[in-house]
2 protein chains.
Amino acid sequence: MTCYIIPPMDAPEETYPKPIVSVDLTIFGLTEVGLEVLLMQRGAEPFANTWALPGGFIHVGEDSDLESAARRVLYGKTGVETPYLEQLRTIGNAARDPRGWSLSIAYFALISADNVRLRQGTNATDVAWRPVDEAAALAFDHMEILRSALTRLRNKVEYSTLPVHLLPVRFTLGELQSVYERILGRRLDKSAFRKRIAEADFVVPVAGEMRRASNRPAQIYRVRKGHKTIFFNRTI
Amino acid sequence: MTCYIIPPMDAPEETYPKPIVSVDLTIFGLTEVGLEVLLMQRGAEPFANTWALPGGFIHVGEDSDLESAARRVLYGKTGVETPYLEQLRTIGNAARDPRGWSLSIAYFALISADNVRLRQGTNATDVAWRPVDEAAALAFDHMEILRSALTRLRNKVEYSTLPVHLLPVRFTLGELQSVYERILGRRLDKSAFRKRIAEADFVVPVAGEMRRASNRPAQIYRVRKGHKTIFFNRTI
DNA sequence: CCTACTTAGTGTGTTTTGTCAACTAAGTTC
DNA sequence: GAACTTAGTTGACAAAACACACTAAGTAGG
């Protein structure tokens with residue numbers, strides 16, 4: 001067991017113990033059901049057997065920075081490599097963890113759900129997708145974090161190209177519009193939608209590739225290389 | 001000196017030392033010079049005598065949560081009570097502090113500069129306003145934090161009522177427009193500006209009170225009670 | 001007291017943008 | 001080959017943004 005001593009510095013500061021620090025992730029995916037979040041059943045106290053957001057401690061000496069700690073937690077516990085990861089907020093207070101003053105740096109991730117193979121090579125007791133609106137009674141203050149993440153996601157979806165990260169690498173404009181509609185919970189005008197997407201100029205048609213169904217085939221698109229999330233100046 | 005032992009939990013997790021955790025503030029104010037940021041000269045190593053953002057450690061057992069730690073740092077080091085405080089981002093890596101793996105939760109604050117009395121009852125070596133564009137060579141990675149704060153501020157100013165927090169409680173619409181213009185660095189159309197402000201409906205005229213000068217007097221306004229920052233759906 | 005000047009505050013015509021719905025296109029199914 | 005479905009485009013009308021000019025109400029200076 002490690003005994004860690006805070007180095008002396010400003011006279012009165014060195015006498016305070018350090019808070020517990022963890023990194024927690026809200027991982028969103030879009031399945032047939034709709035928008036879902038990846039949850040884990042905790043194996044240890046506190047909150048043993050309760051569902052929680054995937055999370056872990058920082059490995060001082062191994063993790064070079066916060067984001068790589070988040071990526072390690074994500075990969076180590078779910079086998080998922082995430083194409084989109086963004087810092088959400090940091091929550092810290094004396095009450096959120098029965099073990100004492102605790103700090104959680106919350107991240108939110110978007111993944112293409114069909115890249116995920118749950119319960120393969122993970123050390124989690126149980127890992128599962130849950131519809132965002134059905135998650136309840138999570139460990140710690142993870143419900144509050146989840147609500148923050150949902151708010152942030154819905155806000156950004158209104159104004160940005162963020163939702164492409166929920167799709168596979170190849171998709172049609174109809175599928176892209178459907179992603180926006182399912183997250184926002186309302187229908188969008190096809191003509192206006194396509195105008196916005198064209199102006200943002202972040203997707204390119206894949207020459208010759210079409211999605212075939214029992215109707216007119218649709219052009220397949222992919223995200224332009226080096227794409228950074230673009231923000232519209234109007235709602236989508 | 002305190003020796004703090006991490007409580008046992010998940011088997012492999014307990015062996016890692018905790019990172020250093022601090023709270024740092026970027027405090028903006030608007031003076032005759034323009035947009036300025038409050039800096040302190042550090043009294044102790046590392047980076048003794050170097051200018052830095054005001055900051056400090058969390059007082060586990062005294063601070064109830066992160067935001068109150070931020071308010072304590074702000075008040076204790078500058079004597080300023082801030083009307084607007086917002087969490088910016090959390091930076092953590094092995095290189096930013098020579099003492100080891102360190103974490104900084106950065107906040108950004110807006111204050112009405114005329115409420116500030118610098119160097120009165122503070123324990124800081126030196127405290128001063130510095131123009132945001134002239135700050136350079138700050139301690140740690142505080143320049144990066146300052147740049148993040150500036151980006152966030154300018155983005156929000158484009159789309160929100162945030163700048164009122166930089167003004168005294170009573171102000172004219174001309175003064176409010178001037179705040180927007182000075183932060184954004186461009187002129188705004190008076191007619192369009194007033195339409196946006198009127199639609200947002202967050203300021204109310206103070207009956208009978210006018211700002212007198214060598215021209216037509218201007219109506220004085222104040223912020224509507226209980227105002228939360230309003231976001232426009234177009235640029236200001 | 002009259003004119004010039006300055007900033008407050010409003011109005012207006014043009015241009016741009018959003019909205020809605022219809023239309024053509026190109027496949028499948030029966 | 002007719003009916004159906006979704007893809008993709010077009011255009012008319014309404015609404016909002018923009019630029020700029022106008023009126024209002026004070027002070028300053030002769």
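The values are calculated or read from the model by the stated rules, or taken from the named source; none is laboratory data. This one's a predicted model, so the numbers in the text were calculated from it and none came from an experiment. All Cβ positions, glycine included, derive from the backbone under ideal geometry; neighbour counts span all protein chains shown. Side chains included, ligands, DNA and RNA excluded: accessible areas come from the protein's heavy atoms. Shrake-Rupley method; radii C 1.70, N 1.55, O 1.52, S 1.80 Å.
From the cross-link list A:156/B:195; A:228/B:156; B:190/B:228; A:18/B:156; A:190/B:156, which pairs have alpha carbons spaced over 28 Å apart?
A:18/B:156; A:190/B:156
What share of Cα pairs, in percent, lie more than 27 angstrom apart in region A:19-158?
13 percent
What is the dipole size for chain A, taken about its Cα centre, with +1 at each Lys and Arg Cβ and -1 at each Asp and Glu Cβ, in debye to the nearest 20?
Here chain A has a charge dipole of around 1340 debye.
Can you bin every Cα-Cα distance in chain B into 5 Å intervals starting at zero and give me the percent of pairs per bin, rounded to whole numbers?
Percent of Cα pairs in each bin: 1, 6, 12, 16, 17, 14, 11, 9, 6, 4, 2, 1, 1, 0, 0, 0.
Mind jotting down the three principal axis lengths of region B:98-203 based on Cα atoms? Whole angstrom, largest first.
Extents along the principal axes, in whole Å: 54, 30, 23.
Could you give the size of the charge dipole of the protein assembly as shown about its Cα centre, using +1 on the Cβ of each K and R and -1 on the Cβ of each D and E, expressed in debye and rounded to the nearest 20?
2400 debye
Taking GluC sites (Glu not before Pro) as exposed when DSSP calls them loop (any state but H, G, I, E, B) and at most 15 other Cβ atoms lie within 10 Å, what is the longest stretch of chain A free of them, the sites themselves excluded?
The answer is A:135-236.
Where Lys and Arg each count +1 and Asp and Glu each count -1, what net charge lies around residue A:71 among other residues with Cβ under 13 Å from its Cβ?
Taking every other residue near residue A:71 into account, the sum is -4.
Once you keep just the Cα pairs under 8 angstrom separated by 6 or more residues, what percentage relative contact order results for chain B?
19 percent
Taking all pairs of different Cα atoms in the protein assembly as shown, averaging 1/r and flipping that mean, what Kirkwood radius in angstroms comes out?
Roughly 24.9 Å, rounded to one decimal.
Could you please report the charge total around residue A:149, scoring K, R as +1 and D, E as -1 over all other residues with beta-carbon less than 12 angstrom from its beta-carbon?
Taking every Cβ under 12 Å from that of residue A:149, the sum is +2.
Determine, for each peptide in A:105-112, A:73-80, the mean count of other beta carbons within 10 angstrom over its residues, then list the peptides with the highest first.
Highest to lowest by the protection proxy: A:105-112, A:73-80.
How far is residue B:192 from itself in the other copies, in nm, if each label sits 7 Å out from Cα along the Cα-Cβ line, shortest first?
Copy-to-copy label distances for residue B:192: 2.0 nm.
Provide the packing ranking of B:50-60, A:219-229, i.e. peptides ordered by the mean count of other C-beta atoms within 10 Å per residue, highest first.
B:50-60, A:219-229
In peptide B:54-61, how many Cβ atoms from other protein chains are near each Cβ within 10 Å, on average?
Taking the mean over all residues of the peptide, I get 5.
Considering only the label points, 7 Å along Cα→Cβ from Cα, what distances in nm to one decimal separate residue B:61 from the same position in each other copy, shortest first?
The answer, with the shortest distance listed first, is 2.7 nm.
Buried accessible area between B and A (1.4 Å probe, both chains summed, ligands and nucleic acids excluded), in Å² to the nearest 100?
Accessible area lost upon association: around 4400 Å².
Which whole number gives the average count of other chain Cβ atoms within 10 Å of the Cβ atoms across peptide B:100-112?
2
When each copy gets a label point 7 Å from Cα toward the beta-carbon at residue A:144, what are the spacings between them in nm, shortest first?
In ascending order, 2.8 nm.
Taking the Cα centre as origin and putting +1 on Lys and Arg beta-carbons and -1 on Asp and Glu beta-carbons, what dipole magnitude results for region B:154-232, to the nearest 20 debye?
Once rounded to the nearest 20, the dipole reads 80 debye.
Add -39500 (n - 2.57) for each DSSP H run of 4 or more in chain B, then divide by its residues: what number comes out at 222 nm, to the nearest 500 deg cm²/dmol?
-7500 deg cm²/dmol
Could you compute the FRET efficiency for residue B:48 and residue B:15, with r as their C-beta to C-beta distance and R0 at 51 Å, rounded to 0.05?
Calculated transfer efficiency: 0.95.
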